[in-house]
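Structure, as structure tokens:
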Amino acid sequence: MKNVNKKCINPSCGLIYDIENNIYECSCGSLLDINYLNIPEKSLIDKFYHRRNHGGNIYNESGVWRFRELINFADIEPDDFSQCSDKLVSLDGAEGRLSRPYNMSKVSEYAQVNNNCFYLQPEGYNPSGSFKDNGMSTAVTHAKLLKVRKIICASTGNTSASAAMYSSNENIDCDVFIPRGEIAPGKLGQAFQFGAQVIQVEGNFDDALAQSLEYAKEINGYTVNSVNPFRIEGQKTVVYRILEHLDWNPPDWIVYPGGALGNTSSCGKALIELHRWGWIKKIPRIVVVNAHGANTFYNLVNGIFENEKLIWNNGNPNLNLIDRYYEHMKKQNIFPRTKATAIQIGKPANIVKALRALEFTKGIVIQVEDKDMFDGMSIVGLNGFDCELASGAVPAGIRHLRQEELIKKDDIVVGILTGRQKDPKMAVDYHTNPDNTFARPPKDIDQYNV
Ligand SMILES: *Cc1c(COP(=O)(O)O)cnc(C)c1O
Ligand SMILES: [Zn+2]
């Protein structure tokens with residue numbers, strides 16, 4: 001019997017599918033989980049640690065594949081190098097290699113959390129510049145197992161950059177659907193550079209995703225958006241790297257920006273599994289930070305819309321409430337609007353998996369203004385790290401929760417910086433305006449008297 005299958009996330013359905021196909025949705029309409037039947041031994045913790053001394057083995061060097069026993073859907077013998085190189089897709093071990101939690105003193109001061117309790121994990125230091133590479137290496141591994149001819153995604157920019165990078169390296173065609181004019185130039189440039197076919201869609205990301213999913217169905221292409229459960233598997237390693245750095249003592253909080261909610265879902269799944277296997281007891285609380293102008297999840301979870309709080313409800317959340325919210329957006333002409341285009345999303349595709357994550361972790365959803373994200377992005381820069389505007393939501397959100405006293409000064413907090421700056425104009429504009437809190441405007445030489 002096989003060790004792995006796909007399983008409907010709704011416990012009252014629970015239908016099982018084998019993994020040798022590109023189905024990502026159950027016949028009941030719910031998303032699917034990758035479901036492992038084995039229980040990994042906790043002694044693997046030592047093995048993972050020793051693999052960091054990789055000795056040239058790229059599957060040990062990779063911060064994703066170093067944890068391959070926990071995401072072994074390709075059913076390889078983990079210590080057999082030739083099986084790894086036959087089946088696992090990696091950009092020379094670069095995905096997840098540099099990402100781990102770092103203390104950042106200036107950001108901790110800004111967020112008002114004790115510096116020794118406060119960490120940010122720069123997922124922008126991935127080969128294509130965002131956390132997407134964690135999940136793309138696993139999704140493209142599955143695509144390769146299926147011998148697919150075309151990879152397809154919709155994107156706010158970073159998914160297309162990552163999909164294009166891994167596809168070109170594996171010699172697979174890649175079509176990327178993007179909302180015209182709504183993605184950062186540095187991200188669009190990567191899609192072209194890595195040889196993808198760019199398809200521009202009128203409208204926003206939600207429209208691009210709908211059209212790409214339809215197109216994928218028509219041509220039997222392989223979708224690598226985060227509705228693909230193999231993306232979620234790779235993104236679980238973000239959590240493994242946090243835990244490893246903290247000697248497997250879970251933090252109090254893990255903080256993400258919220259867009260399509262793939263991160264929220266993968267963090268939840270990682271924690272649920274580790275808890276079930278007996279690897280961890282304490283459960284960190286997830287914080288999802290929405291942009292004020294793209295706050296569907298915030299509104300639904302907190303009961304802002306129709307006074308009803310959307311909850312997991314044992315796998316049966318009130319889907320009608322979600323539909324009514326989308327209908328309301330349409331009727332009132334409400335479009336997601338934020339300068340943080342990576343999270344400019346109105347219909348988060350992973351909303352139900354994210355509800356499960358909130359339920360399991362007692363998670364919370366907050367929102368921040370664009371101007372706070374700009375401050376967050378800029379203060380990260382003052383610690384010598386680089387992130388984009390959407391990632392700036394993380395320090396901004398932690399500061400907000402400190403001010404509300406929900407996070408205590410000596411709580412252990414880990415925030416995820418999801419992506420590197422790919423729109424330098426954001427930083428230039430911020431610093432050129434002296435009204436911005438951390439701005440250091442340029443001076444002309446004749447004003448510059450020493
Ligand atoms: C994709 C992306 C997000 C949104 O992530 P989700 O997991 O879909 O919520 C946030 N920040 C950056 C930089 C991204 O590229
Ligand atoms: Zn089902």
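The values are calculated or read from the model by the stated rules, or taken from the named source; none is laboratory data. Note that the structure is predicted; figures quoted are calculated from it, not measured. Every residue, glycine among them, receives a Cβ derived from its backbone with ideal geometry; neighbour counts consider all protein chains shown. Accessible surface is based on the protein model in full, side chains and every heavy atom, while ligands, DNA and RNA are left aside. Shrake-Rupley method; radii C 1.70, N 1.55, O 1.52, S 1.80 Å.
Within segment 348-391, the residues that satisfy the criterion of being farther than 30 Å from E25 by Cβ, of a type in the set (A, V, I, L, M) and out of contact with any strand residue (DSSP E or B) (no Cβ under 8 Å at 6 or more places or on another chain) are M377, I379, L382, L389.
Within segment 74-97, how many residues are within 16 Å of ligand 1 (Cβ to nearest atom) and surrounded by fewer than 22 Cβ atoms within 10 Å (Cβ to Cβ)? Steps first, please.
The initial filter retains those residues of segment 74-97 that are within 16 Å of ligand 1 (Cβ to nearest atom), namely 95-96.
Subset that is surrounded by fewer than 22 Cβ atoms within 10 Å (Cβ to Cβ): none.
Count: 0.
Any residue that is more than 16 Å from ligand 2 (Cβ to nearest atom), among the aromatic types (F, W, Y) and open to solvent by 10 Å² or more (accessible area, probe 1.4 Å) - is there at least one of those in segment 254-272? Don't jump to the end; show me each part of the working.
First, the residues of segment 254-272 that are more than 16 Å from ligand 2 (Cβ to nearest atom): 254-272.
Okay, now just the ones that are also among the aromatic types (F, W, Y), so 256.
From what's left, open to solvent by 10 Å² or more (accessible area, probe 1.4 Å): none.
There is no residue in segment 254-272 that is more than 16 Å from ligand 2 (Cβ to nearest atom), among the aromatic types (F, W, Y) and open to solvent by 10 Å² or more (accessible area, probe 1.4 Å).
Of all residues being more than 20 Å from A191 (Cβ to Cβ), open to solvent by 20 Å² or more (accessible area, probe 1.4 Å) and not in a helix (DSSP H, G or I) in segment 108-141, which is farthest from ligand 1 (Cβ to nearest atom)? Just the residue, please. Filtering first and then ranking leaves N114. Scanning segment 20-49 for residues that are away from ligand 2 (no atom under 16 Å from the Cβ) and within 15 Å of V227 (Cα to Cα) gives a single hit, N22. Being of a type in the set (D, E, K, R) and open to solvent by less than 10 Å² (accessible area, probe 1.4 Å) holds for only one residue in E233, E214, E244, and it is E233. One residue alone among D423, D410 is acidic (D, E) and within 30 Å of P284 (Cβ to Cβ), and that residue is D410.
Counting only residues that are in a helix (DSSP H, G or I) and of a type in the set (V, I, T), segment 264-297 holds 3 of them.
Considering (1) without any contact (Cβ under 8 Å) to a residue 60 or more places away in the chain; (2) within 29 Å of Y59 (Cβ to Cβ), the lone condition that L146 does not fulfil carries the number (1).
Filtering I343, I322, I286 for residues that are open to solvent by less than 20 Å² (accessible area, probe 1.4 Å) and more than 20 Å from the chain's Cα centre (by Cα) leaves a single hit, I322. Tell me, which residue of segment 302-319 that is out of contact with any helix residue (DSSP H, G or I) (no Cβ under 7 Å at 6 or more places or on another chain) and open to solvent by less than 30 Å² (accessible area, probe 1.4 Å) is nearest to I364 (Cα to Cα)? Result: G303. Which residue pairs have Cβ atoms closer than 7 Å, lie 6 or more positions apart in sequence or on different chains, and pair a first residue in segment 12-31 that is open to solvent by less than 40 Å² (accessible area, probe 1.4 Å) with a second residue that is near ligand 2 (Cβ under 6 Å from one of its atoms)? Note: pairs meeting the criteria are G14/C8; C26/C8; C26/C13; C26/L15; S30/C8; S30/N10; S30/C13. Across segment 387-395, not a single residue is classified as more than 17 Å from the chain's Cα centre (by Cα) and either among the acidic types (D, E) or more than 11 Å from ligand 1 (Cβ to nearest atom) (or both).
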